[in-house]
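Notes follow once the structure below has been shown.
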Amino acid sequence: MENNKVAIHSPFRQWLWRKRRSLIILLIITALIFTFFWQKIVITIDSGQAAILFRRFSGTEIDTIYEEGLHLFSPLDKVYIYEMRKQIALHNFDVISNKGLIVHISLAIRYRPEYDLLGILHQRIGPDYLQRVIVPQIESVMRKELGQYTAEQIYTNEAGLLTNTILTALDEVGRNYVEVEDIIIRSLKLPEQIIDAIENKLQQQEFMKSYEFRLQTAAKEAERLKIIAKGIKAYHYTVNQGITETTLRLRGIEATEALAKSNNAKVVVIGSGKDGLPIILNTDTATPVREPANVSGEQDTLSVESSKNNIFGQISPNEDNIQNKAKSKQ
């Protein structure tokens, strides 16, 4: 058995020995090639990335998407790596309004490629899809839509026209195998004179609104006072309808009885006139009073007013006046 193994290996060893120089050269060449094409053969796809392979003899592999990790490829093929995370691109451009004024707009675009359509995106658009599709299409839509309005309408975002324009742009860009999540308007710039004129106009409009509010407030206040006046008028009318001479006479009698029983009364006034109701004040302590003949009419008037003012059984303020006058006459 050992002789047979030696017999089998001896020709192979002899062949290796004879081809040793060629094999060494081949190994050196292979090592050099592997070292030279290392970056094309061994490719690492980092986190948040995906890759599409282009084969030299068959073209782009649309259905195969290489995920994160270490991969080995032929040096004849080419690998394209795409960033799958959300990205932000800043873009500035000018829009001409319908009256010829230039509006400078600064945008921030948040985007990323659609993962499932990455192969088609690479085949039909390419890795520079941002400059080929996203930015030009957004700029085209916004220029077309905003060009129909005046600079003032754009600057003040009248009726939400900027929002509507952004939604239209998002819908147009979304048809190109990319996902644009948002378009942010960072700034709108107009000539300084135009901005001052617009701001002044808006300020005057706010003043007009404040004046209109004041007028409405004044009208409501006038209406409120009118309603109060009508209520007072109705109240007095109702009260006047309920007061008759009989009621006044009865209240006068009741007031006279109450005054006759009061300990604070000092003067006795004998009434005269139609009803002749006397007002008796503290008959226990009062002193006789000589009344001049020319004051009878005045006393009648005071007694009548006192009886009218005491309709509800309360002492009228005119009683104090009667007492003061009586004292002065004494």
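The test for being modelled with pLDDT of 90 or more and within 30 Å of Gly126 (Cβ to Cβ) holds for Ile184. Within the range 72-96, restricting attention to residues that are among the hydroxyl-bearing types (Ser, Thr, Tyr) and at pLDDT 90 or above, which residue is nearest to Thr150 (Cα to Cα)? Top of the filtered list is Tyr82.
Across the range 52-83, the number of residues qualifying as closer than 29 Å to Ile183 by Cβ and either in the same structural domain as Gly126 (by TED's automatic domain parsing) or in a strand (DSSP E or B) (or both) comes to 5. Contact annotation: residue pairs with Cβ atoms under 6 Å, 6 or more positions apart or on different chains, pairing a residue in the range 155-168 that is closer than 16 Å to Ser97 by Cβ with a partner that is assigned to a helix (DSSP H, G or I) and among the acidic types (Asp, Glu), are Thr165/Glu145.
Screening the range 102-126 for residues that are surrounded by 15 or more Cβ atoms within 10 Å (Cβ to Cβ) and under 30 Å from the mean Cα position of the chain (by Cα) and picking the one that is nearest to Tyr66 (Cα to Cα) gives Tyr111.
Looking at Arg20, Arg13, Arg56, which is the one that is within 59 Å of the chain's Cα centre (by Cα) and at pLDDT below 90?
Numbers: Arg20 fails: within 59 Å of the chain's Cα centre (by Cα); Arg13 fails: within 59 Å of the chain's Cα centre (by Cα).
That would be Arg56, the only listed residue that is within 59 Å of the chain's Cα centre (by Cα) and at pLDDT below 90.
Could we say that Ser10 is outside any loop (DSSP other than H, G, I, E, B), of a type outside the set (A, V, I, L, M), over 30 Å from Arg143 (Cα atoms) and not assigned by TED's automatic domain parsing to the domain that holds Glu158 here? Against the criterion (outside any loop (DSSP other than H, G, I, E, B), of a type outside the set (A, V, I, L, M), over 30 Å from Arg143 (Cα atoms) and not assigned by TED's automatic domain parsing to the domain that holds Glu158), Ser10 qualifies. When Arg13, Arg55, Arg21 are screened for being exposed (fewer than 10 other Cβ atoms within 10 Å of the Cβ) and among the charged types (D, E, K, R), only Arg21 passes. Within the range 169-193, the set of residues being surrounded by 15 or more Cβ atoms within 10 Å (Cβ to Cβ) and polar (S, T, N, Q) comprises Asn176 only. The conditions of being surrounded by 12 or more Cβ atoms within 10 Å (Cβ to Cβ), of a type in the set (Phe, Trp, Tyr) and within 30 Å of Glu67 (Cβ to Cβ) are met by Tyr129.
Pairing residues of the range 198-221 that are at pLDDT below 85 with residues that are surrounded by 10 or more Cβ atoms within 10 Å (Cβ to Cβ) and not β-branched (Val, Ile, Thr), at Cβ distances under 6 Å and at least 6 apart in sequence or on separate chains, gives Ile198/Glu152; Ile198/Tyr155. For the range 6-54, residues that are within 30 Å of Asp116 (Cβ to Cβ) and β-branched (Val, Ile, Thr) total 6.
The values are calculated or read from the model by the stated rules, or taken from the named source; none is laboratory data. Values in this document were obtained by computation on a predicted structure and should not be read as measured data. Ideal geometry is used to build each Cβ from the backbone, glycine not excepted, and the neighbour counts take in all protein chains shown.
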